[in-house]
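Presented below is the structure to which this report refers.
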Amino acid sequence: MFHSKIVVTLRKSILDPQGKAVQHGMHSLGYEAVKNVRMGKFVELQIDAVSMESAESITREVSEKLLANPVMEDVSFTVEEEGR
Amino acid sequence: MKLTFGIVVFPGSNCDHDAQFVAETILGHKARLIWHKEGSLGDVDVVVLPGGFSYGDYLRCGALARFSPVMKDVVRFAASGGVVIGICNGFQVLTEAGLLPGVLLRNSSLKFVCDYVHVRVENPQTRFTGSCRPGQVLEIPIAHGEGNYFAEPDTVRKLEEDGRIVFRYCDASGTVSEEANPNGSIRSIAGIINERGNVLGMMPHPERASDPALGHTDGKKVFDSIVESFVPALV
């Protein structure tokens, strides 16, 4: 069994108003040192695959076909074999 | 002869019956609600992807509706030149399905906006605006949290050049400005069509401004235009 962790974020070129609002909240708390906040999504998958390569390619495909919209989002992921 | 409006119902659609009411009672044509699990649209002349919150807006607005069984037939219908109008959530579904370019981001204000807005008819020579004057200002309500249209600069330039920006947010006098832009859409875009001109996506709700009893009827012009675009075929 393999375990994928996928992170989807708005592309750098796209204004993230949610991130900006959260950043303002941090500044109100006194954390002026925080200069940028980008919000995103975190997705975990459990995959029954025959090999690491297969688990990775499944993860890549669902990330690109469904989890992220390339017009506005970037996606990255890691895959680990469970129980190792 | 009467046209048949096929209105797709996703789990979470909530403007489907409004669209049906306009098609049947206001326009005097026929309408059929099509459950998203149906594999075929059947014999319809116009497909409406209505407003609402398909699949609870999970993942991204419209992202999951796109994989509903009926969408394969919507894509086929659009490719064969069939008239498709996506309103609000329907617009979001059309972009996710790749039938229209770009994407609808979170409103720049981060707030859900429910209000009457003005839109200017930028191209009156489409199947959806044929009964409007050039530059005509229509007052139509919006109700969305993710209506902030975005596309790559090249895509926007192409839309502009090809006259595919059909509606732009403006003030009552027809002036386009940042103040009159309710959601931060790039170039104040409120509605666009595809290259072939048979698929329209728009955030404002014309079906909510078609019944005189509700006080506003500017939205009916969109439906009148669709019906008129069939006239040669109807006689």
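The residues listed here are B:Val74, B:Val22, B:Val46, B:Val70; of these, the one that is out of contact with any strand residue (DSSP E or B) (no Cβ under 8 Å at 6 or more places or on another chain), over 19 Å from A:Leu67 (Cβ atoms) and in contact (Cβ under 8 Å) with a residue 60 or more places away in the chain is B:Val22.
Scoring B:Thr175 on the criteria (1) buried (at least 20 other Cβ atoms within 10 Å of the Cβ); (2) farther than 21 Å from B:Gln92 by Cβ leaves a single failure, condition (1).
Applying the condition of being part of a helix (DSSP H, G or I) and in contact (Cβ under 8 Å) with a residue 40 or more places away in the chain to the range A:11-55 and asking which residue is surrounded by the fewest Cβ atoms within 10 Å (Cβ to Cβ) yields A:Met52. Among the residues of the range B:26-40, is there at least one that is farther than 15 Å from B:Pro206 by Cβ and within 14 Å of another protein chain (Cβ to nearest Cβ)? No, there is no match, as no residue in the range B:26-40 is farther than 15 Å from B:Pro206 by Cβ and within 14 Å of another protein chain (Cβ to nearest Cβ).
For the range B:159-185, a residue qualifies if it is away from chain A (no Cβ under 14 Å) and not in a loop (DSSP other than H, G, I, E, B), and the qualifying residues are B:Glu160, B:Glu161, B:Ile165, B:Val166, B:Phe167, B:Arg168, B:Tyr169, B:Cys170. Across the range B:55-67, the qualifying residues are those that are farther than 15 Å from B:Gly147 by Cα and in contact (Cβ under 8 Å) with a residue 12 or more places away in the chain, and the one among them that is nearest to the other protein chains (Cβ to nearest Cβ) is B:Arg66. Could you tell me whether the range A:36-43 includes any residue that is small (Gly, Ala, Ser) and either within 14 Å of chain B (Cβ to nearest Cβ) or on the phi > 0 side of the Ramachandran plot (or both)? So far as the range A:36-43 goes, yes, one or more of its residues are small (Gly, Ala, Ser) and either within 14 Å of chain B (Cβ to nearest Cβ) or on the phi > 0 side of the Ramachandran plot (or both). Screening A:Lys5 on (1) within 14 Å of chain B (Cβ to nearest Cβ); (2) surrounded by fewer than 16 Cβ atoms within 10 Å (Cβ to Cβ); (3) part of a strand (DSSP E or B) shows it passes everything except condition (1). Would you confirm whether any residue within the range B:185-197 is under 13 Å from B:Arg127 (Cα atoms), surrounded by fewer than 20 Cβ atoms within 10 Å (Cβ to Cβ), among the small types (Gly, Ala, Ser) and in contact (Cβ under 8 Å) with a residue 12 or more places away in the chain? Scanning the range B:185-197 turns up at least one residue that is under 13 Å from B:Arg127 (Cα atoms), surrounded by fewer than 20 Cβ atoms within 10 Å (Cβ to Cβ), among the small types (Gly, Ala, Ser) and in contact (Cβ under 8 Å) with a residue 12 or more places away in the chain.
Select from the range B:104-149 the residues that are charged (D, E, K, R), surrounded by fewer than 17 Cβ atoms within 10 Å (Cβ to Cβ) and not in a strand (DSSP E or B) and list them in ascending order. Passing the criteria: B:Lys111, B:Arg133. Restricting the range A:54-84 to residues that are closer than 28 Å to B:Leu105 by Cβ and of a type in the set (S, T, N, Q), which is nearest to the other protein chains (Cβ to nearest Cβ)? Filtering the range A:54-84 for residues that are closer than 28 Å to B:Leu105 by Cβ and of a type in the set (S, T, N, Q), the one nearest to the other protein chains (Cβ to nearest Cβ) comes out as A:Asn69. Restricting to the range B:84-112, name every residue that is touching a helix residue (DSSP H, G or I) at 6+ places or on another chain (Cβ under 6 Å) and more than 14 Å from chain A (Cβ to nearest Cβ). Hits for the range B:84-112 are B:Val84, B:Gly86, B:Asn89. The set of residues from the range B:113-143 being over 30 Å from A:Met39 (Cα atoms) and either within 14 Å of chain A (Cβ to nearest Cβ) or among the charged types (D, E, K, R) (or both) comprises B:Arg120, B:Glu122, B:Arg127, B:Arg133, B:Glu139. Here A:Glu61 fulfils each of the conditions (1) part of a helix (DSSP H, G or I); (2) touching a residue at least 40 places away in the same chain (Cβ under 8 Å) apart from (2).
Computed from the coordinates by the stated procedures, all read-outs in this text should not be read as laboratory data. Note that the structure is predicted; figures quoted are calculated from it, not measured. Because the Cβ atoms are built from the backbone with ideal geometry, glycine has one as well, and the counts that use them run over all protein chains shown.
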